[in-house]
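Heads up, the thing below is written out as structure tokens.
The values are calculated or read from the model by the stated rules, or taken from the named source; none is laboratory data. This one's a predicted model, so the numbers in the text were calculated from it and none came from an experiment. So basically every Cβ, Gly included, is an ideal-geometry build from the backbone, and we count neighbours across all protein chains shown.
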Number of protein chains: 2
Amino acid sequence: MYSKDLIRGTLRTIVLKLLKENGRMYGYEITQKVKELSSDQISLTFGALYPTLHKLEKEGVLTTISEVVDHRTRKYYSLTSKGDAAAKVKIDEYFAFSKTMNLIMSS
Amino acid sequence: MYSKDLIRGTLRTIVLKLLKENGRMYGYEITQKVKELSSDQISLTFGALYPTLHKLEKEGVLTTISEVVDHRTRKYYSLTSKGDAAAKVKIDEYFAFSKTMNLIMSS
DNA sequence: CTCTATATTTAAGTTTCTTATATATAACAT
DNA sequence: ATGTTATATATAAGAAACTTAAATATAGAG
């Protein structure tokens, strides 16, 4: 596991990227997907994820549909058209930032 | 300028890396160096930097020496031996994290 | 019948960051 | 003379974000 301060600040970017690639996803699914893609190196906590999802929904970036599967409620999140644009911006920004950070970290 | 949440969490890593490469530095110098290396894309704020420097000093990662240059006080920060080890860990961790993030962001 | 996995939510407390302010010197321009 | 910009550090109030923990609920495995 990476230190928490490094993971910090990438949550929104990760969420938007995953939703862009996978269409609709529910919260628990997002945490599992991130675990899988990172070989268990990044573990999103619910206390951080859900407030972020709710905030993005409030901002009009995400919409939700609740469905009951196996008697358990699932709340699916999808990007709105606004969210799709926001995801593009965030993804581009991430790569630019990463390039800049690599410059600093290789100086 | 990148969004604040992306810069978030990289402050400690940047400070430790710069001090490792440049020996002693003072706060203002760190902000200028980061501006320079990032082509003005990353601007560390004093309100974030100084509390972090003070915290690292308190943790025994940094030591300080004050000098007066041109009638202005400068407080030079350097890595302790503990800080040197901490810098190594943080730098390695950054590159590992970056690799993992790139996997997620390229999925 | 207990533990683990699935699934979401909230709330208290802590940390961290933003923004603003205070203090001080010096160089340069008006 | 006077104001602006650059240099240099520090602190404090408030906001934002995260950590940790607890609450609620179903289902399968041992």
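Structure summary
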item: Options B:Thr45, B:Thr52: the member that is under 28 Å from B:Met1 (Cα atoms) and at pLDDT below 95; result: B:Thr45
item: Conditions (1) more than 11 Å from DNA strand D (Cβ to nearest atom); (2) touching a residue at least 12 places away in the same chain (Cβ under 8 Å); (3) within 8 Å of another protein chain (Cβ to nearest Cβ); number of the one not met by A:Glu57; result: (3)
item: Residue count for the range B:60-74, restricted to those that are within 13 Å of DNA strand C (Cβ to nearest atom) and either of a type outside the set (Asp, Glu) or modelled with pLDDT of 95 or more (or both); result: 7
item: Residues within the range B:75-86 that are within 16 Å of DNA strand C (Cβ to nearest atom) and over 16 Å from the mean Cα position of the chain (by Cα), tallied; result: 0
item: Qualifying position, being aliphatic (A, V, I, L, M) and either within 14 Å of DNA strand C (Cβ to nearest atom) or touching a Cys at 6+ places or on another chain (Cβ under 7 Å) (or both), among B:Val34, B:Val89; result: B:Val34
item: Residue check for B:Thr45: within 14 Å of DNA strand C (Cβ to nearest atom) and of a type outside the set (Lys, Arg); result: yes
item: Near pairs, Cβ below 7 angstrom, 6+ apart or cross-chain, from the range A:86-107 (facing chain B (nearest Cβ under 7 Å) and charged (D, E, K, R)) to any residue that is surrounded by 13 or more Cβ atoms within 10 Å (Cβ to Cβ) and not in a helix (DSSP H, G or I); result: A:Glu93/B:Tyr2; A:Glu93/B:Ser3
item: Condition check for A:Ser43: out of contact with any Ser or Thr (no Cβ under 6 Å at 6 or more places or on another chain) and either small (Gly, Ala, Ser) or free of Cβ contacts under 8 Å to residues at least 12 places away in the same chain (or both); result: yes
item: Qualifying positions in the range B:32-53 - in contact with a helix residue (DSSP H, G or I) (Cβ under 9 Å, 6 or more places away or on another chain), more than 8 Å from every other protein chain (Cβ to nearest Cβ) and farther than 20 Å from B:Glu67 by Cα; result: B:Ser43, B:Leu44, B:Thr45, B:Ala48, B:Thr52
item: Residue pairs meeting the criteria (Cβ under 8 Å; at least 6 apart or on separate chains; first more than 18 Å from A:Val69 (Cα to Cα), in the range A:20-31; second in a strand (DSSP E or B) and aliphatic (A, V, I, L, M)); result: A:Lys20/A:Leu79
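Yes/no matrix, rows are residues, columns are (1) touching a Lys or Arg at 6+ places or on another chain (Cβ under 8 Å); (2) within 13 Å of DNA strand D (Cβ to nearest atom); (3) not acidic (Asp, Glu):
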position	(1), (2), (3)
B:Arg12	yes, no, yes
B:Tyr26	yes, yes, yes
B:Gln41	no, no, yes
B:Thr45	no, yes, yes
B:Gly83	no, no, yes
B:Ser98	no, no, yes
B:Ser106	no, no, yes
